[in-house]
Each structure stands twice: as structure tokens, then as C-alpha cells.
Number of protein chains: 2
Amino acid sequence: MLQNINIVIAGLGTVGSSTIKLIETNKKIFLSKLGLKINIVGIFAKNKSKKRNFNKNKYAWFDNPLKMIKQNNVDTVVELIGGEKGIAKDICFQAIKNKKNLVTANKALIAHQGYNLARLAEENGVSIGFEASVAGGIPIISTLKKSFKGIKINKITGILNGTSNFILTNMYEKKNEFSKSLDEAKRLGYAEQNSNDDLNGLDTLHKILILSTIAFNKKINLKDINYSGINYLTKADIFFADKLGFRIKLLGIGSIDKKKIRINVAPYLISKKKELSNVNHNLNSVIIEANKNNKTILIGEGAGGDPTSMSVLADITNLSFENYKNFMYGVSCKDLKKTNISNDSLGESLFFLRAKVYDKPGAIAAITTILKNFKISIKSLFQEQSNKKLFNVVILTHKCKKKIMDTATVKLNNCSYIKEKAIIMQVLHV
Amino acid sequence: MLQNINIVIAGLGTVGSSTIKLIETNKKIFLSKLGLKINIVGIFAKNKSKKRNFNKNKYAWFDNPLKMIKQNNVDTVVELIGGEKGIAKDICFQAIKNKKNLVTANKALIAHQGYNLARLAEENGVSIGFEASVAGGIPIISTLKKSFKGIKINKITGILNGTSNFILTNMYEKKNEFSKSLDEAKRLGYAEQNSNDDLNGLDTLHKILILSTIAFNKKINLKDINYSGINYLTKADIFFADKLGFRIKLLGIGSIDKKKIRINVAPYLISKKKELSNVNHNLNSVIIEANKNNKTILIGEGAGGDPTSMSVLADITNLSFENYKNFMYGVSCKDLKKTNISNDSLGESLFFLRAKVYDKPGAIAAITTILKNFKISIKSLFQEQSNKKLFNVVILTHKCKKKIMDTATVKLNNCSYIKEKAIIMQVLHV
């Protein structure tokens, strides 16, 4: 029995074009193996005249995307424009209001409006596929929703931003400063011209929030969470972390303990013996800790047309085969309880500290005394001349609480020996 | 709306007991989040008197498993006994014939009888969940079936046997000989008393065959495939591979090229820069290459009660929610075409060669001349005294075809300078 499914696609950039190409290439497989015919009954992009790498004339072009999605024969609306506001938002909400399934890669929109979209979808009896919104080609959302259904998840740890990971890898491998690696990322297409949100941690925050909502089934407010990115790191941090046996990765971490949710987004040190330390270049990765801390790790390409379009397509086909209730976050949004967020980290961990210090007698003593006053003990310390007047002091602490380290850092930064704000990073404990 | 599902469990060893404990622990989550009540309406194991880590008296014990599964109210039969023959096989076939869904962790049975089970399930309108049969806690089967639905998969590479991986890691980390690491694996519960099938590659073969059937949608005959394991490796192989920048891992590899399926099961050398090289101890891992060679990697625990029971439970809950046709291999078994298997590897690769050679003049010349005659060029060579009369010659070749290397190896093994069969391993190219 042949199943026909009619889709419209809004947004024809890298992911949109790849999705169309993938549907064209795999037409035969769909027909013969799945008994599925995917018909593209409308396309829209902001710029009609732009050259695309598929034949536009094969599809009905719409200048008005809302008119496009309102066609009676449309089953699924695919939104690949992106952005939490504007036309992308209108398309997503209108699709659901018009009782169409929605497939989207729009992480900013899901992070901000996911709960509202989910509620609307339940009211209208349609489903939302958003596999492509987190970690491009990694099927993390369906894994959480299907393979961990009814299992208690304790923690999600992810390398979720390909741009940041490319830059950190490049700084490590090529011994580049941040700005040079950023230029290289832009040149090679791994960074947008304006990649602030990738580098300051906001994009990672959006993604870990989406994953945490599914994993912990709580309603999490984006505004409650602090985050930081990699834009203040230097070649020296990469170098000293390496010397100590670590790689630096920008992580999003969500965890639940006694019903308290913790979300952290920051660069972390990861031992070179751990799996995540080898997740390099533009790769993404997610660790799921569940059921007495069993670890399951997924690694794959986090962005780009080919990997992301696979996730878009998986959503399109799965939605068309599923006739049971497919809740966006795995449970009805009535059951997503509001929760308080803690920005503190769970338990204790080692910390990396690098301070640029004036070359004066007593500098090291001043720093170590501050740490001693907070009962933070030192696992290893070394110093290295940076230039005539300055040197780097690098300390790896023994385990301590993040709160205590944060307070000690304020003291350190007020210390007259220190030239600029000390860099503090947590060592990942998995 | 509450959904009730009645299951029976045959087999109460590590996985069976963990499954019952997991269902008991998560009862509340099932009810509140999924609206699902899982009732265990019968249990069976070969030995009734054995002590178990759950309260047997809470459940109806059956001495006759076939009578147990034939109860009218049973929705799903969970088979966790294992083995391709005997009672496990009877239970699985009888379950389906009696129109019950089947959930099983039985890789040997699926590898031998999967096709017959699938056909029978289609005839009887029931589904088979076998997530737990490959790579314990890693949701690889649902990933292949759902997230790569309609996507062309080119290659599957897996570390699929936890016992072998534990031993290889132990030999590396502790500098142990094979037999000592095997003893340690047994002592720590990572190896059965008789673990021949784990060590000779057969278990890996079963698993890569199951994954390849789903990935390539072909009917593959187990008997057509050569395989080897780790039972002939020595400390010296681990040591020299390390010196060359590699780790040794037992891999199952399935690939498709021009409709020709290749299945390889053997120990491979993997560069320490690659993700798989850091998959250690009892961890398993699978790499999926699809859609123009995008790589997706999954890593997790491959065996043990807690991880495997998660997969069993995911199958139980997913089967009870799915009311559409859930083909065992993703497509109807009418569409699984018979295919010829090649044991050759695709393309060319580097090879590692270690030969134990008598300490006589001309030995190295003899070996290198044989390689030269086959146009195999040498990337690096070193020799090391093994004892008074013998030394190890270790060669890393440049790229060549496996077929040519195999023929050269026959010549080498006939060479009078060589004491025992040379060890040949391929370097993984991913």
C-alpha cells in the first residue's frame, strides 16, 4: 500500500537545499522499501532570485509562506529558516494552527517557544519533529524519546556547538590564537560571519535546554541560566591544559538531583583518556547517563547540509508513519512541571586556574594564600614567563565546590599582583 | 487513558533479573509519564531454586514456559535465556505463533533464525523487539530503523564484544599476556567460564550480521562469512601496535558497494587519534556511515544487567505503543533480497605484520623480498630481540589490497626463517 505525503519547505539554505536533494536522491528507496512517496508541494525562501543547487522549477514557488502552508493538501510543514522571531516563528505557529505536522531545525525557536508549540500541537492533534535542531546528524532527540522512554535519566553532557569545537581543535592543533582560528573557521564555512551566539555559549544553552526538557520532563526557563563560551580563551589556556593532560571543550550539561535541575554551559577541561576529548573539529557529541549511571555516548556531525538533512528526513518519514500520540517532549506538556534552576554544579570537581601575574616577589605566595584561605588545595602548579614583566601562573586544584571556587576567584581578581581576570575552568568528571 | 500491558519473562539471569528490578523501580514513571502499566503475569527459568535478587513470590512461576506464553492475557513474551537452539528457540517461535509480541536479547538466535522469525511475525501480525541483542545499552537497532529510515547506509563498523574489548584493554594497560587478561576478565565477571565464541569472533559475527541486515536490507547467510578473533594475539602485538601509534580492537564491519555486501570480523589496528581507539574496557561502539559518508558514532556499555535491561524495557514500551506495522528489519522480509557475500575488504589499507624469525643472517632480506615480489611497500620496519635465538620483525606496510596481502602471507609462512605463523592485521581506515 502506497502512502503519499505532501510537504512544503520554507527556507532553502544549506539544510533546505540538502533536504530537497536527499528526497530526490532517495525517492526510489522510499518507494520500494517504505512504500512512501514524499511530494514537495511548495517551496519558499526569502530570496527568490538566489542560485540554489537544485532545480527550482520542479517545485511550486510561493512568495507568501503562510499561503503555502495553508494549502489543503499539505501534511507536513518543514521550517528551515531559523531564528526565534519573525517569519520562521509565524510559519511554525501557523502550521500547527492549521493542523499540519511541523518539522523544524530551529533551536532558538524551540528553546524559547517549545512549550507553547507543544501545547498548541496537542490541542490541534499534530506532531512536531525537531531532531535537526540539536546536534545535526546525531539522532539524540529520538534516542531520548524512544530508547530512554520511562528510564530515569540523571545527566546529559554535550559538545553541541560545531563552530566552537572547530575553533578549539584548531587552536590546539595549529597552536593558533583564538582570532586566527575564528578566521580559519569562517574561511572554511564552519563559522558564520556573525557567530557571537556560537562563541558566547548561547547556542549551546539553547540546545542543552531542549535536551534537558526531554530528559527530565521539566519546564525550564531559559532566562534563569547563566552561560559562558570560548570567546575569552587564549592559546595559553589550550597549551597549559594540554600540559596537564587535558583538552578544552565547550560543554552544555544538564542534570537532575533531588528534583533540582542544574544547567551549566561553559568550557571544561576533559582528560585525554576520556571519549569526549577526542571529539574534534566540527563534531558534536552527547553523553546520556541513565539508570544507575550507565553511559551512552553519541558522536556525529553537528551541522552542515548533509547530516542535518538526514535528521529532517527522519522526522518527515517517522511523523508520517506514526499515528499514535507523539508528544513533543515525550510526555504531555501538562506533565512538564515548572522547576527551579540551579547554576551551581553538582558535587565537587578539580579546577584549572590561569592568572597573568606581574613579575614581582610575593606574587605566587599571594595567590596560594588566597586559595589556602578558602581551603582549596593545589594538585599542581607551574609558572611560565609570558614576557618581560608578566608570567602565567597555572594551578590545578584538588576537588572543591564550584561556589567556593567562584568566591575565591573574586578575591584573586582583586589581588594587586594579578593583571587581568583569572581564567577558571572546571574539570569534567565523567 | 491508562494502557495495561501484560508480559511474561523467560530467563532470570543477569538481564532477566535486572529487567524485573527496572520495571519495579520505574513503575511510577511509567504510570505518570506514559500512562502505562506493565504487569508481569508469569516468570520462568530453568532453575527454580536458585536465589535471585528480586522477590520471586510476587510473580506467577511457571515450570512450563510454553504454557506460560500461551496464556490468553499475554501481550508480550520476553525471552532472556539465550542460545540459538533448545528452549529459547521454542519460546520465541511459539510466542509468535501464538500472536504475542516478542522481545529478546538472543543474538545467536536472531543471527541464525532472524529471517524466519521476521516472516512468521509478519504472518501473525506481531512485532519483534531485539534491541538488547546487539551492544547491550546502545540503542543501535532503533537508531538504524528509525533515524536512518530511507537513508542509504554505506558501512557499519562496530566494537561489539565487551569481553574481547576488556581483554585487549587489559593487555594494553597492564602489559599482560592474553591468558592473564582472560583470567582477570573471568574474575571480574567480564568473561564467561567458556568464552570461546566471544574470543574467536563468532559473537561479533552474529551481531554485525544483525546490524548489516537492517542497514543494507539484504538476506545474509551466516555460513558465507569468515571471521577471526583475538585469541591468537600476544602482548607483543599490543606493544608494537602501540609503538606505531595504534590500538588493537576486535571489529565487525559490514559494508555495501555496488550491491555487493562485505562482512569482516577480525582484530584491526586503529590510530590513537580516532574515536574508536578510546573505546575501552567493556564498552561497545558502532559507527554508522551514511548519506555521503556522514559518520554517526554510538558508544555505551555492551553487556551487563543494567544497560541491557534498559534496551529490553525500551522494546517492551515501544512495542506496546506502536500500532503501525513494525517490520523486524525495517522492511518486509519479502524485500530482503538474497545476496552474495564477499569476505574481501573494500579498497586498500595499511597492514601490520609481525613475524617471529630465527636469528640468522638473511632473515630480514627474505621477508622484505617476498613483500617486494608482491609489490607491497614498507612504511616502517623494526626488529627486536625476543630471546637468544628469535626476534620479532614488525612491519607496517603502505596501502595494498587485502587479497594480495593474504597471498603474500602464505608465502611468508612458508619461508624457512619464520618460526610461527605471522600475525597480520589490517589498519582501520575511517
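The values are calculated or read from the model by the stated rules, or taken from the named source; none is laboratory data. None of these values were measured; they are calculated from a predicted model. With ideal geometry, Cβ positions are generated from the backbone for all residues, glycine too; neighbour counts draw on all protein chains shown.
B:ASN291 versus (1) on the phi < 0 side of the Ramachandran plot; (2) outside the structural domain of B:THR19 (by TED's automatic domain parsing); (3) crowded, with 19+ Cβ neighbours inside 10 Å: which is the lone unmet condition? With (1) on the phi < 0 side of the Ramachandran plot; (2) outside the structural domain of B:THR19 (by TED's automatic domain parsing); (3) crowded, with 19+ Cβ neighbours inside 10 Å applied to B:ASN291, the lone miss is (1).
In the set (1) surrounded by 24 or more Cβ atoms within 10 Å (Cβ to Cβ); (2) within 13 Å of chain B (Cβ to nearest Cβ), A:ILE156 fails one condition alone, (2). Within the stretch B:151-191, being touching a residue at least 60 places away in the same chain (Cβ under 8 Å), basic (Lys, Arg) and either more than 30 Å from A:PRO139 (Cβ to Cβ) or not assigned by TED's automatic domain parsing to the domain that holds B:LYS243 (or both) holds for one residue alone: B:LYS175.
Write out, first by first residue and then by second, each pair whose Cβ atoms fall under 8 Å of each other, whose residues are 6+ apart or on separate chains, and whose first residue, in the stretch A:359-388, is on the phi > 0 side of the Ramachandran plot while the second is among the hydroxyl-bearing types (Ser, Thr, Tyr). Partner pairs satisfying both residue conditions: A:GLY362/A:TYR417.
Considering only the stretch A:78-100, I want to know if a residue exists there that is in contact with a strand residue (DSSP E or B) (Cβ under 7 Å, 6 or more places away or on another chain) and of a type in the set (Phe, Trp, Tyr). Scanning the stretch A:78-100, I find no residue that is in contact with a strand residue (DSSP E or B) (Cβ under 7 Å, 6 or more places away or on another chain) and of a type in the set (Phe, Trp, Tyr), so the answer is no.
For the stretch A:90-132, a residue qualifies if it is within 14 Å of chain B (Cβ to nearest Cβ) and among the small types (Gly, Ala, Ser), and the qualifying residues are A:SER127, A:GLY129, A:ALA132. Of all residues in the stretch B:206-223, those satisfying the criterion of being among the aliphatic types (A, V, I, L, M), at pLDDT 95 or above and in contact with a helix residue (DSSP H, G or I) (Cβ under 7 Å, 6 or more places away or on another chain) are B:LEU209, B:ILE210, B:LEU211, B:ILE214, B:ALA215. Residues in the stretch B:92-101 include none that are within 30 Å of A:ASN293 (Cα to Cα), of a type outside the set (S, T, N, Q) and in contact with a helix residue (DSSP H, G or I) (Cβ under 8 Å, 6 or more places away or on another chain).
Filtered by the rule that a residue be buried (at least 17 other Cβ atoms within 10 Å of the Cβ), farther than 23 Å from A:ALA290 by Cα and in contact with a helix residue (DSSP H, G or I) (Cβ under 9 Å, 6 or more places away or on another chain), the stretch A:185-205 gives A:ALA185, A:TYR190, A:ALA191, A:SER195, A:ASP197, A:ASP198, A:LEU199, A:GLY201, A:LEU202, A:ASP203.
Taken together, B:ASN284, B:ASN294 contain a single residue that is touching a residue at least 60 places away in the same chain (Cβ under 8 Å), within 14 Å of chain A (Cβ to nearest Cβ) and closer than 22 Å to A:ILE140 by Cβ, which is B:ASN284. Might you let me know whether the stretch A:326-346 holds any residue that is part of a strand (DSSP E or B) and within 11 Å of chain B (Cβ to nearest Cβ)? Within the stretch A:326-346, one or more residues are part of a strand (DSSP E or B) and within 11 Å of chain B (Cβ to nearest Cβ). The residue of the stretch A:206-262 that is nearest to A:ILE151 (Cα to Cα), among those that are of a type in the set (Phe, Trp, Tyr) and assigned to a helix (DSSP H, G or I), is A:PHE216.
Residues checked against (1) crowded, with 22+ Cβ neighbours inside 10 Å; (2) touching a residue at least 24 places away in the same chain (Cβ under 8 Å):
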position	(1), (2)
A:LEU66	no, yes
A:ASN72	no, no
A:GLU79	yes, yes
A:LYS99	no, yes
A:HIS112	no, yes
A:ILE140	yes, yes
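For the stretch B:172-194, state whether one or more residues are within 14 Å of chain A (Cβ to nearest Cβ) and over 12 Å from the mean Cα position of the chain (by Cα). Yes, the conditions are met somewhere in the stretch B:172-194.
Restricting attention to the stretch A:289-301, does a residue exist that is outside any strand (DSSP E or B) and among the polar types (S, T, N, Q)? Lay out the reasoning, then the answer.
At the first step, the residues of the stretch A:289-301 found to be outside any strand (DSSP E or B) are A:291-293.
Then keep just the ones that are among the polar types (S, T, N, Q); that gives A:291, A:293.
Looking for residues that are outside any strand (DSSP E or B) and among the polar types (S, T, N, Q), one finds at least one in the stretch A:289-301, hence yes.
The set of residues in the stretch B:20-73 that are within 14 Å of another protein chain (Cβ to nearest Cβ), touching a helix residue (DSSP H, G or I) at 6+ places or on another chain (Cβ under 8 Å) and either among the hydroxyl-bearing types (Ser, Thr, Tyr) or part of a loop (DSSP other than H, G, I, E, B) (or both) comprises B:ASN26, B:SER32, B:ASN53. Once the stretch A:3-19 is narrowed to residues that are touching a helix residue (DSSP H, G or I) at 6+ places or on another chain (Cβ under 7 Å) and not small (Gly, Ala, Ser), the residue that is modelled with the lowest pLDDT is A:GLN3. The number of residues in the stretch B:378-389 that are surrounded by fewer than 11 Cβ atoms within 10 Å (Cβ to Cβ) and modelled with pLDDT of 90 or more comes to 0. In this structure, does A:GLY300 turn out to be of a type in the set (Gly, Ala, Ser), buried (at least 20 other Cβ atoms within 10 Å of the Cβ), within 14 Å of chain B (Cβ to nearest Cβ) and over 20 Å from A:LEU182 (Cβ atoms)? Considered against the rule, which asks whether it is of a type in the set (Gly, Ala, Ser), buried (at least 20 other Cβ atoms within 10 Å of the Cβ), within 14 Å of chain B (Cβ to nearest Cβ) and over 20 Å from A:LEU182 (Cβ atoms), A:GLY300 comes out as yes. Could you check, for the stretch B:358-370, whether at least one of its residues is out of contact with any His (no Cβ under 8 Å at 6 or more places or on another chain), buried (at least 18 other Cβ atoms within 10 Å of the Cβ) and not in a helix (DSSP H, G or I)? Among the residues of the stretch B:358-370, not one is out of contact with any His (no Cβ under 8 Å at 6 or more places or on another chain), buried (at least 18 other Cβ atoms within 10 Å of the Cβ) and not in a helix (DSSP H, G or I), which makes the answer no. Within the stretch B:18-63, being surrounded by 13 or more Cβ atoms within 10 Å (Cβ to Cβ), among the basic types (Lys, Arg), out of contact with any strand residue (DSSP E or B) (no Cβ under 6 Å at 6 or more places or on another chain) and under 28 Å from A:SER332 (Cα atoms) holds for B:LYS21, B:LYS27, B:LYS33. Hey, can you tell me all the residues within the stretch A:410-430 that are in a helix (DSSP H, G or I) and in contact (Cβ under 8 Å) with a residue 40 or more places away in the chain? Scanning the stretch A:410-430 gives A:LYS411, A:LEU412. Restricted to the stretch B:96-205, the set of helices (runs of 4 or more DSSP H) holding at least 1 residues that are more than 30 Å from B:PHE239 (Cβ to Cβ) comprises B:107-124.
Residue count for the stretch A:74-95 satisfying the condition of being within 21 Å of A:GLY136 (Cβ to Cβ) and assigned to a loop (DSSP other than H, G, I, E, B): 5.
Candidates in the stretch A:272-281 are the residues that are facing chain B (nearest Cβ under 8 Å) and touching a residue at least 60 places away in the same chain (Cβ under 8 Å); of these, the one that is surrounded by the most Cβ atoms within 10 Å (Cβ to Cβ) is A:VAL279.
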